[in-house]
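Shown next, in structure tokens, is the structure this report addresses.
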Amino acid sequence: MSSVALILKEERLDKESLVELLNSKQTDLILNKAAQIKAKYIGNKVHLRGLIELSNRCNKNCYYCGIRAANKNVKRFMLSDEEVDRAIRFAVANNLGSIVIQSGELQSEEFTEGISHVLQRIEHIGEGTLGVTLSCGEQTKEVYQQWKDAGAIRYLLRIEASGKNLYQKLHPNNSKHSYEKRLQALHDLKQCGYQTGTGVMIGAPFQTLENLADDLLFMRDLDIDMCGMGPYIEHVDTLFYQYHESLPSKKQRLDWTLKMIAILRIMMKDINIASTTAMQSLVNGGREMALHAGANVLMPNITPGIYRELYSLYENKPGINEEASDSKLSIENIVQRAGGKVAYNEQGNSRHFTKRN
Ligand code: SAH
Ligand code: SF4
């Protein structure tokens, strides 16, 4: 039996073994093990989240991100009330069951109230049936609590890098981008009672396989309920574009991302893992590969078409020119190709969270 096969058989998931798995050429063995675990603990249902990219206004300057504050080449937008309502109705009409509200990070009363208002609209239009995930960055515990009280049940805040050293290489060195605040925010989210999700980009500049192994252990130790991980993708208007020629190849980033998803599924059997949009930007068919590797959540983009191009975190986001890039048919095709079944009209809450409570 190969060393990788033995690690998988014994589920020996210490740091050294994790690095060995990430480094191994036996990707299929790892993905097959994850598929077995997913079948046993999750089943073949895939839950949907209609993704609304609410605004690209952001107060931060993360070195990797195309909508960072200092990028003067982006036109800034915020969806109008009517546009938000239309997107929510689209989610209802298409039986999506859940919505994700994602946005650049702003800390202001106006922004806080704006999100609360959107939550009320979701509650009203969805007649209380829709599950809501927020992904609106770092906020105070009071703000997190206010949004929770207004109806949000899940929150996604990626740690981006679980080690302080790498975190500081990915972000400017100032109090707006503090590693400690990031950690505190994740703890606050858990305390407020959210299904709490985190994750990292994979294949970012300066990142090593040791970092990725630490990220997996971090997620296990934080006892997260959900995870969103995807490949790092270059964007021309970022500081990190200077490294675009020395990045790991797309093939390599794809392989590492699939392995990260699969290993996390083996480590945390009953959490929700998203198959992210960035997978699709990296390679055609990327999202079904992620489902095959252990993910169980898909996030069709329901942002009005005219804004998709402006919410450009990285290059080549799929479907930015189409009004309904993720039609019902294309979602069903993705899920079917990965051997799954779409769970319509279900919130698809994290089983891990339910058990933990
Ligand atoms: N402002 C919020 C949510 C929007 S950004 C936040 O930062 O949490 C959502 C995610 O996009 C980030 O967590 C980051 O991991 C990812 N992202 C940003 N730039 C990216 C890039 N160049 N490649 C891949 N993912 C990127
Ligand atoms: Fe803003 Fe989020 Fe992009 Fe950072 S990753 S610049 S917080 S949108």
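Structural remarks
- Residue (of VAL100, ILE271, THR196) at the positive-pole extreme of the chain, dipole from beta-carbon charges: ILE271
- Ordering 260-273, 232-245, 99-112 by mean Cβ neighbour count within 10 Å, with the highest value first, yields 260-273, 99-112, 232-245.
- The stretch 1-107 - charge dipole about Cα centre, Lys and Arg +1 at Cβ, Asp and Glu -1, debye rounded to 20: 160
- Where the stretch 3-356 is the region considered: accessible area per residue in Å², 1.4 Å probe: 41
- Farthest toward positive dipole pole in the stretch 3-356 [+1 Lys/Arg, -1 Asp/Glu at C-beta], among LEU157, ASN174, THR140: LEU157
- Filter on LYS72/LYS176; LYS176/LYS259; LYS148/LYS328 - keep pairs with C-alpha separation over 24 Å: LYS176/LYS259; LYS148/LYS328
- Dipole magnitude of the stretch 28-168 about its Cα centre (Cβ charges: Lys, Arg +1; Asp, Glu -1), debye to nearest 20: 740
- Restricting attention to the chain, close to 5% of DSSP beta bridges with both partner residues there are antiparallel.
- With Rh defined as the Kirkwood radius, the inverse of the mean 1/r over Cα pairs, the Rg/Rh of the stretch 215-357 is 0.98.
- Rg(Cα)/(2.2 N^0.38 Å) for the chain, N = residue count: 0.92
- For the chain, a crude dipole built from +1 on the beta carbon of Lys and Arg and -1 on the beta carbon of Asp and Glu, taken about the Cα centre, is about 720 debye to the nearest 20.
- Euclidean distance of C-alpha centroids, the stretch 73-123 and the stretch 200-246, integer Å: 27
- Solvent-accessible area of the stretch 149-268 (1.4 angstrom probe, protein heavy atoms only): carbon and sulfur portion equals 49 percent.
The values are calculated or read from the model by the stated rules, or taken from the named source; none is laboratory data. What you see is a predicted model, and the numbers here were worked out from it, not measured in a lab. Every residue, glycine as well, gets a Cβ built from its backbone with ideal geometry; the counts of neighbours run over all protein chains shown. These accessible areas exclude ligands, DNA and RNA; they are computed on the full protein's heavy atoms, side chains included. Shrake-Rupley method; radii C 1.70, N 1.55, O 1.52, S 1.80 Å.
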